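Below you'll find the structure, written out as structure tokens, and then a few comments.
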Amino acid sequence: MPAAYFARLLERISPAQALRTAPERHLEFFGRYPHLQPFLEPQASAEAAERLFEFHDFPGFLASYLLSSYFVRTPEDFRGLVQAVADELAAQGLRYAEVIVSIPEYRMHGIALEPICEALSEASNRSDIRLRWIVDLVRNFGHEAGLGLLKELLTRPPDGWVGITIGGSEADFPPAPFAECFALARANGLKLSAHAGEAAGPGSVWDAVRVLRVDRIGHGVRAVEDPRLLDYLAENQIPLEICPTSNIKTGVFQSLAEHSLPRLVEAGIPVTLNTDDPTFFQTTLAGEYDAARSMGLSDEALEQALANVRRFAFDWD
């Protein structure tokens, strides 16, 4: 969610209004993090909006992301959010982007699937940037909910929908139970990705490639903990969607100097560089290339990462 758009929502919707339907478990989750506690007050200042992004670990990011979704209350809010994302990407000079959309959170707040799909279709037909959507089934809602959402979408797919993924709490919701979802998506011509090897270790990546049979791995940075897995990913040329800044801000690595990206490249695994959520991690795609260069990646390696975008994109042509 672009920071400027979230600030506009906060001007119009107070935390008390936004969180009035939040279950106690969500309020308790938000209350664990000092940077989110201002949102548990009836009003929140502009400074509070900036603090939304001051998390220091993966659960803190999930809490911040979930809280922000409570401020998107209507179809118009969602359409504005999608357009704000498109505007920001286009302003960076991007002409093609695959954007992950976590539909379950917005439906949880009462937005129907039809206007969500209409907003995605509208944005996918812009002339200044080609947007393609990867729907996150959100593993925290469970595999049955994910399967239900997938079946609904297949009956009325939005323009620009090219694939699915599963994000969320990787350690608590491993990939394997989502096998039926991924098989159905594959049978319907959709491309497959899964967040794995980020908050959980190599076993999560093994499940993603062997059970879900994904085309790409989201993150995968902890694959370095298993030499056999490194060999498998390299031999089968399974690409990893690397998001360096995200991995530091969620605590996967303490610094860029510790990041596994150089070892993954050295192992012969194809990688692309990505922003994860650019607003929450306060980065841009250019910033991620700068981060990779600071880790010692050569110009040749960076050029190969850029070439991999076209090679492994779900709908480049």
Check: From the list 251, 203, which residue is modelled with pLDDT under 95, outside the structural domain of residue 58 (by TED's automatic domain parsing) and small (Gly, Ala, Ser)?
Finding: 251
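Out of the residues in the stretch 66-81 that are outside any helix (DSSP H, G or I) and in contact with a Leu (Cβ under 8 Å, 6 or more places away or on another chain), state the one that is nearest to residue 14 (Cα to Cα). Talk me through it step by step, then tell me what you get.
First pass over the stretch 66-81, keeping only residues outside any helix (DSSP H, G or I): 70-74.
Adding the requirement that they be in contact with a Leu (Cβ under 8 Å, 6 or more places away or on another chain) leaves 70-72.
Details: 70: 11, 71: 9, 72: 12 Å.
Going through the qualifying residues, I end up with 71.
Is it the case that residue 94 is under 30 Å from residue 128 (Cβ atoms), assigned by TED's automatic domain parsing to the domain that holds residue 122 and either within 23 Å of the chain's Cα centre (by Cα) or not basic (Lys, Arg) (or both)?
yes
Do you know which residues across the stretch 108-119 are part of a helix (DSSP H, G or I) and modelled with pLDDT of 95 or more?
To start, the set of residues in the stretch 108-119 that are part of a helix (DSSP H, G or I) comprises 108, 113-119.
Of everything in the stretch 108-119, those that are part of a helix (DSSP H, G or I) and modelled with pLDDT of 95 or more turn out to be 113, 114, 115, 116, 117, 118, 119.
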Next item on the list: Please find, among 63, 84, 97, the residue that is under 22 Å from residue 161 (Cα atoms), at pLDDT 90 or above, part of a helix (DSSP H, G or I) and of a type outside the set (Lys, Arg).
Entry: 84
Item checked: Positions within the stretch 201-251 being more than 20 Å from residue 169 (Cβ to Cβ), charged (D, E, K, R) and out of contact with any Ser or Thr (no Cβ under 7 Å at 6 or more places or on another chain), in sequence order -> 210, 213, 226, 228, 231, 235
Checklist line | Every residue from the stretch 206-236 that is farther than 16 Å from residue 261 by Cα and either of a type in the set (Gly, Ala, Ser) or in a helix (DSSP H, G or I) (or both) | finding: 206, 207, 208, 209, 210, 228, 232, 235
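Conditions tested, residue by residue: (1) more than 28 Å from residue 284 (Cβ to Cβ); (2) assigned by TED's automatic domain parsing to the domain that holds residue 17; (3) in a helix (DSSP H, G or I).
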site: 88; (1), (2), (3): no, no, yes
site: 126; (1), (2), (3): no, no, no
site: 172; (1), (2), (3): yes, no, no
site: 182; (1), (2), (3): yes, no, yes
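Suppose we filter 241, 300, 266 for residues that are buried (at least 19 other Cβ atoms within 10 Å of the Cβ) and either under 18 Å from the mean Cα position of the chain (by Cα) or among the charged types (D, E, K, R) (or both); which single one remains?
Details: 300 fails: buried (at least 19 other Cβ atoms within 10 Å of the Cβ); 266 fails: buried (at least 19 other Cβ atoms within 10 Å of the Cβ).
Matching residue, one of 241, 300, 266: 241.
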Next item on the list: Answer with yes or no whether residue 51 is outside the structural domain of residue 79 (by TED's automatic domain parsing) and surrounded by fewer than 13 Cβ atoms within 10 Å (Cβ to Cβ).
Entry: no
Next item on the list: Could you give me the residue pairs with C-beta distances under 7 Å whose first residue belongs to the stretch 160-177 and is under 28 Å from residue 121 (Cα atoms), whose second residue is polar (S, T, N, Q) and buried (at least 24 other Cβ atoms within 10 Å of the Cβ) wherever it lies, and which are 6+ apart or on separate chains?
Entry: 163/193; 165/193
Note to self: Of the conditions (1) more than 27 Å from residue 236 (Cβ to Cβ); (2) hydroxyl-bearing (Ser, Thr, Tyr); (3) surrounded by 14 or more Cβ atoms within 10 Å (Cβ to Cβ); (4) free of Cβ contacts under 8 Å to residues at least 40 places away in the same chain, residue 284 satisfies every one except a single condition; which number is it?
What the structure shows: (4)
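In the stretch 209-218, what residues are free of Cβ contacts under 8 Å to residues at least 40 places away in the same chain and in contact with a Leu (Cβ under 9 Å, 6 or more places away or on another chain)? Outline the logic, then answer.
Looking only at the stretch 209-218, we keep the residues that are free of Cβ contacts under 8 Å to residues at least 40 places away in the same chain, and these are 209-214, 217.
Scanning the stretch 209-218 gives 209, 212, 213, 214, 217.
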Checklist line | Failed item, numbered, when residue 247 is tested on (1) surrounded by fewer than 20 Cβ atoms within 10 Å (Cβ to Cβ); (2) touching a His at 6+ places or on another chain (Cβ under 7 Å); (3) of a type in the set (S, T, N, Q) | finding: (1)
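The values are calculated or read from the model by the stated rules, or taken from the named source; none is laboratory data. What you see is a predicted model, and the numbers here were worked out from it, not measured in a lab. Cβ: placed from backbone, ideal geometry, glycine included. Neighbour counts: every protein chain shown.
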